[in-house]
Structures are given as C-alpha cells and as structure tokens.
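Below is one structure, written out as structure tokens; the observations come after it.
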Amino acid sequence: MTMGTQHWIDIEKKHFLQTGKRLPAVLIRGEGTRVWDLDGKEYLDFVGGIAVVSLGHAHPVITEALQRQSQQLVTTSNYYYTLPQLKLAELLCNLSGMDRAFFCNSGAEAVEGLIKIARKWGKEQRDGAFEIIVADGAFHGRTLATVTASSNEKYRAPFTPLAEGFVRVPFDDVPAIKAATTGKTAAVLLEPIQGEGGVNVPADDYLVRVREWCDEAGVLLLLDEVQTGAGRTGKMFAFQHTSIEPDALAVAKAMGGGYPIGAFLVKEHAASLAPGEHGTTFGGNALGCEVAFSVLTYMVEQGLMNEVTKRGDHIERRLHALADRQPMVTEVRGKGLIWAVELDRPASEDIVNACLERGLLVNAVKPTALRFVPPFTVSDDEIDQALEIVEAVLATVAEREANG
Ligand SMILES: Cc1ncc(COP(=O)(O)O)c(C=O)c1O
C-alpha cells in the first residue's frame, strides 16, 4: 500500500463518523465490470455499489444522459412539471403494471413511502388498521421506520423507542402470515428475494400464496424490490416471475445505474396519499429521472433481461461446480444476477479481504455467506475469472485450516 492510500484512510478515520467498516482500497475509476484504485491496481467488481451499477461503470448511456440533462436542467423542485420525471413515471408504470409513481433518492425512502401508503390506506379503508407484517431476515433501510421493519436487532436496538406497528414472522412461511393477521393489519411487506438477509429465495409459490391470503384478508401486499427490481433477477421486477401483482412496490438501486434515485409505485386502489401528505426536495429531479429513464430504456431496448438470465445460468452452474469441489460451500442461492454461497464457517470477511488482495470485489453479506451482484453487462469470462479467484482463496483457507 502506498502512502497515498494510507493518507486517505487516515482522513477517513479522522473525519468520518465510524458507522461502517471499509476495505483498504481507495477506488478512483471504473469501466464496465472493472474498477481501479489509487495505486493503479485493477479489480473485478462483483459488488457493483451493492447491486446498483446495473450497466457497469462509466457506461456511455449514463454519462451521456448526465451530460445532456445537466446542460439543460438539473432540478426545479416538484412545484413544476419536468419532462424526464413524467417520461420516467409513464415508463415505470408501463413496466410494472402499477398506476402511479412517486420519486425519491434512495431505497429506504422508497420503502418509507410504502409504509406511509399502508398507514394511510389502513386509516381510511380498514378501520384504522396500521400494522405491517414483515419477515425475519428482512432489510428495508436505515430510516427509523425502515430499520424497525428490518430484522437485524443490531441495527434497531440503539434507536429505541422505535416506530410502532411492525409484526415479524418467519420468511417463506405463509401460515405464519395468516396467524399474524388481525383486524389491525394493514399490509404485508416482503422482499421477493431477501438481499441483505443473505440472498434468501423463497418457495416458487410463496408470493402467490401470500397474495391469495392478502386478498382474502383484505390487506395490502407491498413488495420491496429495491434490490431485486430494475432487472436484477432477469425480469424487470422479481414479482414478474410469478402470476401475481403487488398493490405497491419500492424500487431503487439498479434503476439509476449508480445515480441515487428510488421510487414507489402504487395501484390506483392503494394510492392513499393526498396532496400535502408526502413530498421531497430532491426526489424526482430532472437529472436523476433522465438518467433512470435512459438506463431502463436501454435495458428494455437491448433485451438486457435476457442477458441477465443467461449470465445468471452461467454463474449458477459455476457456483454449483465450485460447491462440488469445495466442501466449505454448503449452499448456492440466487436468481439472475443476485447470488450467494453459504459457507460452513464464519469466514466470509477473511475471504473478502483475500479476494481484494487478488483483485476481486465481493461482499460478505453474512459472516457465513458471500454475495455476488455484478453489473448486468458482466461477461461469462469475467464470471469465470471472479470465481477462479474465489476458489483459489477458499482452497487457501481450507489448506490453512487443514495444516492447523
Ligand atoms: C431490499 C432493500 N430495501 C431497502 C434498502 C435500502 O436502500 P438504501 O440503502 O438505498 O436506502 C436496501 C438496501 O440494501 C435493500 O436491499
């Protein structure tokens, strides 16, 4: 490590709130699936800004949209109409089957919007019902309400008292949702595949059965597609692998390709928020909407969902082959381009550090699991290279332990 890198690491130690652990790389440039650090070292990026960099780094569609729109109009507030925002709302509604959009700047804000939709809807349509059923292993964000909806106790405990009205049940367990539903229930909020919880894929019929129950009970089904939406699983939205539709959904991450933008999308019957009941300064700014519109249009026009599915099949085969050769890998989970391998020991942080040294960015989604969320533009070759690095590292860990 050069002095240059150490200098910036020292600045971070001195001037940042120490809320998270960083890896010792100062990244300064990216192109496609690759990024480079201050020392000129190259890495394959299978983190992609945590499932954000959908078109790869420095994609011309994004740089051109940024340049074009920033020269024309960056932001106006939502007192006025702007064309990028209206085009994006129409596109997202067409792509999702929802009726109305609200734009924000992050995933947490998008889910916060869903929570407000449910609260207001319950007040008006279900006799004041306000409870939202959420799942073990869920992650919905870091605002006070979304952290309460999330399952990780470590994220919640320091901030009590928390928002009221979240009822937690096991994931992929329809009877548990049924048992938790009462007259106070307004909605069920789920990720179609849990991302931060470790890439947990439920049974194929889970969403269908939850939808049936929500219809029977007369409560809303809200999907958090912040991580799975905008193409990550090989469909524009993960619920589109099934026959159902939610009443509302949240999307962010991949839709901006790196620009911070999110949205919640609702069916007309669930569009409970009235004028003045929600708002944002930056959300839906013309610059971000033009970027997201360009990203999503490119995905559709280039048939990128098919590429995600093909690359997904490739990475799935490779991960299973890796699991066959490396007994430390006990499970392979995922769909499209969101994957995790479960390990038989809490070694993921060490493995991530060793991968970094060998030129691969990969994420320790749990102490016992590694997550792979590369750009949709990743090639089969890059997948092979990345998994060769992972395999070499796993072999070293196994060998080290075997030698005591
Ligand atoms: C499913 C899900 N919901 C919400 C969020 C929060 O998004 P953000 O970090 O953009 O606020 C995340 C982030 O990882 C997520 O994976």
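The values are calculated or read from the model by the stated rules, or taken from the named source; none is laboratory data. None of the values given here were measured: they were computed from a predicted structure. Counting neighbours? That spans all protein chains shown, and the Cβs are built from the backbone with ideal geometry, glycine included. For accessibility, only protein heavy atoms count, side chains too; no ligands or nucleic acids. Shrake-Rupley method; radii C 1.70, N 1.55, O 1.52, S 1.80 Å.
Values for this structure:
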| item | result |
| --- | --- |
| Residue match in the stretch 51-61 (condition: touching a strand residue (DSSP E or B) at 6+ places or on another chain (Cβ under 7 Å), without any contact (Cβ under 8 Å) to a residue 12 or more places away in the chain and either open to solvent by less than 70 Å² (accessible area, probe 1.4 Å) or closer than 21 Å to residue 298 by Cα (or both)) | no |
| Number of positions in the stretch 1-25 that are more than 29 Å from residue 158 (Cβ to Cβ) and either within 27 Å of the chain's Cα centre (by Cα) or in contact (Cβ under 8 Å) with a residue 24 or more places away in the chain (or both) | 4 |
| Any hit, the stretch 61-73, residues being away from the ligand (no atom under 16 Å from the Cβ) and either part of a loop (DSSP other than H, G, I, E, B) or under 21 Å from residue 26 (Cα atoms) (or both) | yes |
| Filter result (open to solvent by 40 Å² or more (accessible area, probe 1.4 Å) and either of a type in the set (Val, Ile, Thr) or within 15 Å of residue 292 (Cβ to Cβ) (or both)) within the stretch 243-269 | 253, 258, 259, 260 |
| In the stretch 95-142, residue nearest to the ligand (Cβ to nearest atom) [restricted to those that are among the β-branched types (Val, Ile, Thr) and touching a Leu at 6+ places or on another chain (Cβ under 6 Å)] | 134 |
| Every pair of residues 6+ apart whose Cβ atoms lie under 9 Å, when the first sits in the stretch 116-133 and is open to solvent by 40 Å² or more (accessible area, probe 1.4 Å) while the second is among the acidic types (Asp, Glu) and assigned to a loop (DSSP other than H, G, I, E, B) | 116/277; 130/164 |
| Number of positions in the stretch 242-280 that are of a type in the set (Lys, Arg) and away from the ligand (no atom under 16 Å from the Cβ) | 1 |
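Okay, residues lined up against (1) acidic (Asp, Glu); (2) more than 26 Å from residue 261 (Cα to Cα); (3) touching a Lys or Arg at 6+ places or on another chain (Cβ under 6 Å):
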site	(1), (2), (3)
316	yes, yes, no
324	yes, yes, no
357	yes, yes, no
362	no, no, no
392	no, yes, no
